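Asker: Take this structure first; my questions come after.
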């Protein structure tokens with residue numbers, strides 16, 4: 001009997017077991033919980049069985065998919081979750097003295113265009129902060145521990161393990177190079193885009209531009225052909241090489257080209273519907289990570305909105321934009 005009771009007691013005393021139980025309860029699946037926790041499926045299954053045994057019996061209705069908590073399971077989760085949150089806070093406090101690098105992930109264009117200067121600026125806030133930079137991670141990598149702070153397009157599904165802050169709003173106008181317009185002419189209305197090549201941003205988290213809007217008007221977007229790029233800097237290169245018209249490129253990335261006349265706005269007043277970027281950390285991240293994420297969300301919003309407003313003012317001064325719609329800070 002001693003061998004049977006020992007794992008029961010250890011399961012109830014283990015924060016690790018609580019994490020596994022809550023992960024299965026949140027996802028409704030042992031395999032998905034394994035992905036989120038980074039554990040083998042066999043380990044999740046074993047730990048869950050021991051936890052249920054320690055709790056006095058099954059906590060899930062396994063006849064349904066996804067798995068559903070029994071009434072007793074809901075009661076146990078309600079009891080376990082606050083304790084787990086408290087344990088995570090304590091662990092975060094113990095880790096707070098560690099000065100391991102903050103792992104930051106952003107889209108490629110933002111990472112190459114804005115981040116180096118922003119991190120230099122942050123050195124005056126926290127001179128001891130060090131960083132590792134990654135590209136195109138999202139909430140899954142934050143949950144698995146692959147990165148600490150992730151900025152990405154879209155809004156993740158609610159998850160009480162994450163802190164999600166809407167960081168910036170994407171808002172772009174149709175752009176073409178002077179070279180392209182000289183060779184192919186300029187569209188007079190959105191419907192004319194079907195005679196042109198579209199240079200588009202693609203990616204798992206990036207929504208395809210299906211329409212352009214102007215005030216209360218909306219028009220579907222169609223192209224003769226398209227060229228897709230996963231990062232904004234490659235999209236910018238294709239634009240400058242005269243490969244087509246883009247509706248996805250932020251103005252802040254082509255300010256000097258707009259000023260010189262190398263890039264022009266077309267279809268004045270029409271623009272892509274806005275989309276949201278989210279900034280995500282663990283809810284109980286290290287204090288230095290939380291402090292940086294709070295600062296960085298404001299910094300990236302300031303920088304991107306500020307450059308976008310400058311871009312629209314340049315276009316307006318050149319007579320290429322006639323709608324007073326600026327979304328800067």
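Asker: Once you have a ≥ b ≥ c as the square roots of the Cα gyration tensor eigenvalues for region 175-273, tell me rounded if a/c is under 1.5, and otherwise prolate or oblate according to whether a/b is larger than b/c.
Answerer: Values: a/c = 1.34, a/b = 1.11, b/c = 1.21.
Taking the square roots of the gyration eigenvalues as a ≥ b ≥ c, region 175-273 is rounded.
Asker: If the convex hull of the alpha-carbon atoms of the chain is projected onto planes in all directions, what is the mean projected area in square nanometres? Working shown, then result.
Answerer: Working: hull surface 83.0 nm².
Spelled out: convex hull of the Cα atoms, projected over all directions, averaged, 20.7 nm².
Asker: Let me ask you something else. Under a plain spin-label model, where a point goes 7 Å from the Cα along Cα-to-Cβ, how far apart in nm are residue 124 and residue 81?
Answerer: Modelled inter-label distance: 4.3 nm.
Asker: Round to the nearest 10 and give me the degree value, 0 to 90, for the angle of helix 41-55's Cα axis relative to the longest principal axis of the chain.
Answerer: Helix 41-55 sits at roughly 50 degrees to that axis.
Asker: Quick one: angle between helix 71-95 and the longest Cα principal axis of the chain, in degrees between 0 and 90, rounded to 10, please.
Answerer: 70
Asker: Taking 7 Å along the Cα-to-C-beta vector as the label spot, tell me the residue 132-residue 68 distance in nanometres, rounded to one decimal.
Answerer: With each label point 7 Å from Cα toward Cβ, the separation is 4.2 nm.
Asker: By average Cβ neighbour count within 10 Å, what is the ranking of 308-316, 118-126 from highest down?
Answerer: Working: 308-316: 19.6, 118-126: 13.1.
Descending packing order for the listed peptides: 308-316, 118-126.
Asker: Further question: Rounded, prolate or oblate: which one fits region 167-226, using the alpha carbon gyration tensor with axes a ≥ b ≥ c (rounded when a/c is under 1.5, else prolate when a/b beats b/c, else oblate)? Don't jump to the answer; show the numbers that get you there.
Answerer: Details: a/c = 1.71, a/b = 1.40, b/c = 1.22.
The shape class here is prolate.
Asker: Rounded to the nearest 5, what % of DSSP beta bridges with both residues in region 158-292 are antiparallel?
Answerer: Details: 18 of 25 bridges.
If I count the DSSP bridges inside region 158-292, around 70 percent turn out antiparallel.
Asker: Right, something else. Residue separation times 0.36 nm, minus the C-alpha to C-alpha distance between residue 183 and residue 262: what's the value? Show your work: numbers first, answer last.
Answerer: Values: separation 79, 0.36 × 79 = 28.44 nm, distance 1.39 nm.
So the chain would gain 27.1 nm between residue 183 and residue 262.
Asker: What FRET efficiency would be calculated for the residue pair residue 302, residue 42, taking the C-beta separation as r and a Förster radius of 51 Å, to the nearest 0.05?
Answerer: Numbers: r = 48 Å, r/R0 = 0.94.
So the FRET efficiency works out to roughly 0.60.
Asker: Ok, one more. Which value in deg cm²/dmol, rounded to the nearest 500, describes the helix-derived mean residue ellipticity at 222 nm for the chain, given -39,500 (n - 2.57) per DSSP H run of n ≥ 4 and division by the residue count? Could you put the intermediate results ahead of the total?
Answerer: On the way: 12 runs with 146 residues, N = 329.
Helices in the chain give a 222 nm mean residue ellipticity of -14000 deg cm²/dmol.
Asker: May I ask for the angle, rounded to the nearest 10°, between helix 287-317 and the longest principal axis of the chain, with both axes built from Cα atoms and the value confined to 0 to 90°?
Answerer: Here the helix axis deviates by roughly 20 degrees.
Asker: Could you give the length gained on full extension between residue 274 and residue 207, defined as 0.36 nm per residue of separation minus the Cα-Cα distance, in nm?
Answerer: On the way: separation 67, 0.36 × 67 = 24.12 nm, distance 1.05 nm.
So the extension gain works out to 23.1 nm.
Asker: Can you give the FRET efficiency to the nearest 0.05 for residue 291 and residue 169, using r as the Cβ-Cβ distance and R₀ = 30 Å? Let's see the in-between values first.
Answerer: Values: r = 24 Å, r/R0 = 0.80.
For residue 291 and residue 169, the calculated efficiency is 0.80.
Read the figures in this text as sums done on the coordinates, not as results from a lab. Everything numeric here is computed off the predicted structure, so don't read it as measured data. Please note: Cβ atoms are built from the backbone with ideal geometry, for glycine as well, and neighbour counts cover all protein chains shown.
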